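Here's the structure, in structure tokens; my notes come after.
The values are calculated or read from the model by the stated rules, or taken from the named source; none is laboratory data. Everything quoted here is computed from the prediction, not taken from an experiment. For neighbour counting, all protein chains shown are included, and Cβ atoms are generated from backbone atoms with ideal geometry for every residue, glycine included.
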Amino acid sequence: MSNSIFRDTILGKKTERPPVWFMRQAGRVLPSYLKLREKHSFRELMLDPELTAEVTLLPVNDLGVDAAILFSDILVIPEAMGMDLSFTDKGPVFENPLHKINDKLAALKPDSSKLEHIYKAIDVIKGRKPADVALIGFCGAPFTTFCYMVEGNSTKHDFAQAINLFYNDPKTTAQIFEKITELSIEYATTQAAHGIDTFQLFETHAGLIPSELYIERVLPYVKRITNAVREKNVPVIFFPKGLGNGMAKVNFDIADFVSIDWQFSMTEARRIIDSKVGLQGNLDPRLFTIKDQSIIEAELNKFLPFGKENQNWIFNTGHGLSPDNSKDNVQFVIDWIKKTNWNRD
Ligand code: CP3
């Protein structure tokens, strides 16, 4: 047994309760984060290793989660390929999205030195974090990264230009996936070399295309990234949001754990996904906006039978926290997970 309930769970050991952390836990739901944002832009927080370490550890100190996730963004990969990115009030925007460029491949010039500050941040976090807290590294999966690179922003949520290119020009699409995959492998394995405990691959927009096409045209790239990280002895969590019944194809060849969105039932996920693969999820994060905590508790109680039977389970939300979530509710859920008797053998 290590002293970390998160590490024990991800390594397949028995624990008294599921470990708990949340996607986007280090963000605007925390007053301490908003205070730092008064002084620094989001980009400053991401670029300065000291500040990055401080923000990464805010939810550990303020909420008591079992794991910290590196504070960064999936769009550092397109940026390290020379794309001009800004973070605006309406989310991230690329000045020259690929849909406007004829020779798309020539526009991509990978320069991994642009990622150095992130490895430095990992070193600082490792020196500062409590030993019982795991550190999760991450990057975006190829399809979601491609969506942003082609479209340039997410204001319309349908990524029409990206989907158009995906159907119209499979050859160029595959070449872009290849470029994203190569840099992501270097990025992810260097995070592993700097000592992250686990790696999560975010495929937030998997649900934009039919699952058969996702399995056929995207999953092989995912497999290359996840297995490069696993070869470094770092377990991998894969989060293909909205993949639906395509989840049946996400077996142990792909990842150690799969993160489940709130549209999918955990018991159904457990039934169709390879039993060697652990599960993460899947509370609906919108419950964090509810005033009456007994409604939240009623939803939490529904996880009890699942948590008794399934040791290879990490409690999380079905997607990231958002700024309208109440910190008190997030705290209520974390405390509930920790104090509940899960009646495990
Ligand atoms: O706490 C964590 O989960 C770690 C940090 C993290 C961020 N982004 C910080 C962030 C992680 C893991 C991400 C991943 C990410 N970024 C994804 C995939 C996961 C998901 O949530 O869907 C995507 C699609 C992005 C791209 C991105 N970055 C968008 C769409 C936005 C705008 C939406 C928003 O929440 O403002 C961002 C900005 C962003 N990334 C913020 C944070 C904390 C907000 C920055 C701020 O205004 O202070």
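Among the residues of the stretch 191-207, those identified as out of contact with any helix residue (DSSP H, G or I) (no Cβ under 6 Å at 6 or more places or on another chain) and part of a helix (DSSP H, G or I) are 191, 193, 207.
To keep it simple, each residue is scored yes or no on (1) within 16 Å of the ligand (Cβ to nearest atom); (2) surrounded by fewer than 18 Cβ atoms within 10 Å (Cβ to Cβ); (3) of a type in the set (Asp, Glu).
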residue	(1), (2), (3)
152	yes, no, no
156	yes, yes, no
167	no, yes, no
189	no, yes, no
198	yes, no, no
206	yes, no, no
212	no, yes, yes
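Checked against (1) in contact (Cβ under 8 Å) with a residue 40 or more places away in the chain; (2) outside any helix (DSSP H, G or I); (3) within 11 Å of the ligand (Cβ to nearest atom); (4) of a type outside the set (Phe, Trp, Tyr), residue 73 meets all criteria but (1). A Cβ distance below 7 Å, combined with a sequence gap of six or more or placement on separate chains, defines the contacts here; from the stretch 322-339, residues that are among the basic types (Lys, Arg) reach residues that are away from the ligand (no atom under 16 Å from the Cβ) and not in a helix (DSSP H, G or I) in the pairs 338/17. If we scan the stretch 77-91, do we find a residue that is under 16 Å from the mean Cα position of the chain (by Cα) and at pLDDT 95 or above? Checked the stretch 77-91: at least one residue is under 16 Å from the mean Cα position of the chain (by Cα) and at pLDDT 95 or above.
For the residues 31, 78, 59, the requirement of being in contact (Cβ under 8 Å) with a residue 12 or more places away in the chain and closer than 22 Å to residue 184 by Cα singles out 78.
Quickly run through the stretch 232-266 and pick out the residues that are away from the ligand (no atom under 16 Å from the Cβ), closer than 16 Å to residue 138 by Cα and not hydrophobic (A, V, I, L, M, F, W, C). Across the stretch 232-266, the qualifying residues are 232, 233, 235, 256. Residues in the stretch 298-338 that are β-branched (Val, Ile, Thr) and over 14 Å from residue 266 (Cα atoms): 4 in all. When you look at residue 80, is it more than 11 Å from the ligand (Cβ to nearest atom), among the aliphatic types (A, V, I, L, M) and in contact with a Ser or Thr (Cβ under 6 Å, 6 or more places away or on another chain), yes or no? Judged against the criteria, residue 80 is not a match. What are the pairs with Cβ atoms under 8 angstrom where one residue, in the stretch 187-205, is farther than 14 Å from residue 145 by Cβ and the other, located anywhere, is basic (Lys, Arg) and part of a loop (DSSP other than H, G, I, E, B)? Sequence gap at least six, or different chains. As it stands, the answer is 189/232; 192/232; 193/232, since those pairs meet every condition given.
On the basis of being over 30 Å from residue 7 (Cα atoms) and either within 12 Å of the ligand (Cβ to nearest atom) or part of a helix (DSSP H, G or I) (or both), does residue 93 make the cut? Full working, then the answer.
Working: over 30 Å from residue 7 (Cα atoms): yes; either within 12 Å of the ligand (Cβ to nearest atom) or part of a helix (DSSP H, G or I) (or both): yes.
Here the answer is yes, as residue 93 does meet what is asked.
Scanning the stretch 18-52 for residues that are within 13 Å of the ligand (Cβ to nearest atom) and either β-branched (Val, Ile, Thr) or under 19 Å from residue 199 (Cα atoms) (or both) returns 21, 22, 23, 24, 25, 26, 29, 46, 52. Within the set of pairs 6+ apart or on separate chains, which have a first residue in the stretch 285-297 that is closer than 16 Å to residue 335 by Cβ, a second that is part of a loop (DSSP other than H, G, I, E, B), and C-beta atoms under 8 Å apart? Short answer, once both residue conditions are applied: 288/29; 288/321; 288/325; 288/326; 296/290.
Any residue at all in the stretch 58-67 that's more than 9 Å from the ligand (Cβ to nearest atom), closer than 30 Å to residue 156 by Cα and of a type outside the set (Val, Ile, Thr)?
Pass one, the stretch 58-67, residues more than 9 Å from the ligand (Cβ to nearest atom): 58, 60-67.
In the following step, the residues that additionally are closer than 30 Å to residue 156 by Cα were identified as none.
No: zero hits.
Keeping to the stretch 214-231, report how many residues are part of a loop (DSSP other than H, G, I, E, B) and either more than 16 Å from the ligand (Cβ to nearest atom) or over 17 Å from residue 178 (Cβ atoms) (or both). Even if it seems obvious, please write down each step before you answer.
Looking only at the stretch 214-231, we keep the residues that are part of a loop (DSSP other than H, G, I, E, B), and these are 218, 231.
Subset that is either more than 16 Å from the ligand (Cβ to nearest atom) or over 17 Å from residue 178 (Cβ atoms) (or both): 231.
Number of matching residues: 1.
Suppose we filter the stretch 4-47 for residues that are of a type in the set (Lys, Arg) and not in a loop (DSSP other than H, G, I, E, B); how many remain?
Taking the stretch 4-47 and keeping what is of a type in the set (Lys, Arg), we get 7, 13-14, 17, 24, 28, 35, 37, 39, 43.
Remaining after also requiring not in a loop (DSSP other than H, G, I, E, B): 7, 35, 37, 39, 43.
Total satisfying the criteria: 5.
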